[in-house]
Amino acid sequence: MKVYFLGHAAVKLEGAKTVYIDPFLTGNPVASEKKEDAKADYVIVTHDHGDHLGDAFDIAKANGAVLFAQHEIAVKAQENGIEAEGMNVGGAVEREGIKVWFTNAIHTSETGHPMGAVVEMEGKRVYHAGDTGLFGDMKLIGELFKPDIALLPIGGRYTMDEEQAAYAVKLIKPGIVIPIHYNTFPIIKADPERFKELVGGEAEVRILNPGEFVEI
Ligand code: ZN
């Protein structure tokens, strides 16, 4: 599976199927893709903020893709003619061998509750933390899901900063960690090299430019 960083918190998983997570492309100054070019089988949204919900509905609609989201966001999507799997923090929903779980996240959301997402495809697991502050149950997420890759926000102000995200790595213990949600705008300026230094030997830190990917 290839895990693409598309800029900000937007991620694309390419394997047996193509899965977009938080596809904020339109209006994203560092986006590596245009929403018109997105070819999605599934779209996952962690929470209802413009820089995460982004183009999710448009991409799902244009591709006939299924949206995974919290119940309340899923209802809105269904009202817009999109096929959606409404769910919440808890058990997995599976479609064509792709499993999605939602986890807790400490943040806010215009609709419902903010969440992180764990996605399993081809036996590999990716944890996208969404927007979140640091919380102790990240240890539980690590123990329960054993993610191969964790995508963690490091931009501060609205989410964890470099130091807190490095602490999160200690709790989650992923094989690889990719910093996200930083330097899109001046207000979330962060230094990924400092994050890497703080993580030390706890995990392999891969700093990606928008459009780059890690293959697992
Ligand atoms: Zn947010």
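Taken together, the values in this text are just the output of simple stated rules run on the coordinates, not laboratory data. Please read these numbers as outputs of a predicted model, since none were measured by experiment. Cβ atoms come from the backbone with ideal geometry, glycine included; neighbour counts cover every protein chain shown.
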Cross-link pairs K2/K146; K12/K61; K139/K189; K17/K124; K35/K173 - those with Cα-Cα distance over 24 Å: K139/K189; K35/K173
Based on alpha-carbon centroids, what's the gap between the stretch 165-181 and the stretch 68-112 in Å, whole number please? 23 Å
Quick one: L25, L198, L140, fewest Cβ neighbours within 10 Å first, how do they rank? L140, L198, L25
Mean 1/r over distinct Cα pairs of the chain, inverted to a Kirkwood Rh in Å, yields 16.7 Å
Once phi is turned into ³J(HN,Hα) by the Karplus curve 6.51 cos²θ - 1.76 cosθ + 1.60 with θ = phi - 60°, what whole-Hz value does each residue of the stretch 167-178 show in order, with x for glycine and proline? 5, 4, 4, 4, 6, 7, 6, x, x, 10, 10, 10
Expected max-MSF residue from I149, I106, I187 in the GNM of the chain (alpha carbon, under 10 Å) is I187
